[in-house]
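The values are calculated or read from the model by the stated rules, or taken from the named source; none is laboratory data. The model shown is predicted, which means the values in this text are computed figures rather than measured ones. Here Cβ is always computed from backbone atoms with ideal geometry, including for glycine, and neighbour counts include all displayed protein chains.
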């Protein structure tokens, strides 16, 4: 991966930003070329998902201006929570429309990562040690319907990041993990920035 790429990371919370940062570095990016935007708790104390929707629309003009003159890529994390992944995509597109901006174009280096139910779902599914630690989640339900606890340490996502990076590097087709279509969609999204 070229050191000339500037990475911008937008996530709901510190766990999301840690996950994104570790993923980009694991995929070969220069850690000094990362810019993690503040998270909702640090900025407003408000709902993380609404913060990301608002920040995304505010960030796009600057991102597009930078991308026109240098190789810039944007990773956005927003949990689906009780909505669908498609509904979150529509919210992000609508925020652009409301701000008078065109929505993300097909060739823009922007990956929208929308875990269903939340990022901890992906972490548990990608890292068997985390899944084992989450025994309280109802194993009879599909992965995307289970409620997984937040990690006690943000760095606990490293095994999951390594698993996702291995999959991205292997170029293996979906499904990555059965019963987790939001992760398969994320792989498609990530291939927008790692073709």
If I ask for residues that are in a loop (DSSP other than H, G, I, E, B) and either more than 17 Å from residue 80 (Cα to Cα) or out of contact with any helix residue (DSSP H, G or I) (no Cβ under 8 Å at 6 or more places or on another chain) (or both), which ones from segment 136-148 would you list?
136, 137, 138, 139, 140, 141, 142, 147
Failed criterion for residue 89 (all others in (1) under 27 Å from residue 31 (Cβ atoms); (2) in contact with a strand residue (DSSP E or B) (Cβ under 9 Å, 6 or more places away or on another chain) hold)
(1)
Which ones in segment 57-83 are surrounded by fewer than 13 Cβ atoms within 10 Å (Cβ to Cβ) and either outside any helix (DSSP H, G or I) or within 16 Å of the chain's Cα centre (by Cα) (or both)?
70, 82
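For residue 53, are the conditions met, namely being surrounded by 14 or more Cβ atoms within 10 Å (Cβ to Cβ), free of Cβ contacts under 8 Å to residues at least 40 places away in the same chain, touching a helix residue (DSSP H, G or I) at 6+ places or on another chain (Cβ under 8 Å) and part of a helix (DSSP H, G or I)?
On the way: surrounded by 14 or more Cβ atoms within 10 Å (Cβ to Cβ): yes; free of Cβ contacts under 8 Å to residues at least 40 places away in the same chain: no; touching a helix residue (DSSP H, G or I) at 6+ places or on another chain (Cβ under 8 Å): yes; part of a helix (DSSP H, G or I): yes.
No: the conditions fail for residue 53.
Residue under question is residue 111, and the condition is that it be at pLDDT 90 or above, in contact with a helix residue (DSSP H, G or I) (Cβ under 6 Å, 6 or more places away or on another chain) and assigned to a helix (DSSP H, G or I); does it hold? Spell out how you get there, then give the answer.
Working: at pLDDT 90 or above: yes; in contact with a helix residue (DSSP H, G or I) (Cβ under 6 Å, 6 or more places away or on another chain): yes; assigned to a helix (DSSP H, G or I): no.
No; evaluated as a whole, the condition is false for this residue.
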Restricting attention to segment 18-42, which residues are within 17 Å of residue 76 (Cβ to Cβ) and in contact (Cβ under 8 Å) with a residue 40 or more places away in the chain?
18, 19, 20, 22, 23, 24, 27
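Taking the stated definitions as given, is residue 129 assigned to a helix (DSSP H, G or I) and surrounded by fewer than 19 Cβ atoms within 10 Å (Cβ to Cβ)? Walk me through how you get there before you give the answer.
On the way: assigned to a helix (DSSP H, G or I): yes; surrounded by fewer than 19 Cβ atoms within 10 Å (Cβ to Cβ): yes.
For residue 129, the condition - assigned to a helix (DSSP H, G or I) and surrounded by fewer than 19 Cβ atoms within 10 Å (Cβ to Cβ) - is met.
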Sole residue being touching a residue at least 40 places away in the same chain (Cβ under 8 Å) and touching a strand residue (DSSP E or B) at 6+ places or on another chain (Cβ under 8 Å), chosen from 113, 168, 180, 126
113
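What residue, of 36, 40, 80, is more than 24 Å from residue 4 (Cβ to Cβ) and at pLDDT 95 or above?
Numbers: 36 fails: more than 24 Å from residue 4 (Cβ to Cβ); 40 fails: at pLDDT 95 or above.
Matching residue, one of 36, 40, 80: 80.
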Return the only residue of 168, 151, 164 being outside any helix (DSSP H, G or I) and surrounded by 15 or more Cβ atoms within 10 Å (Cβ to Cβ).
151
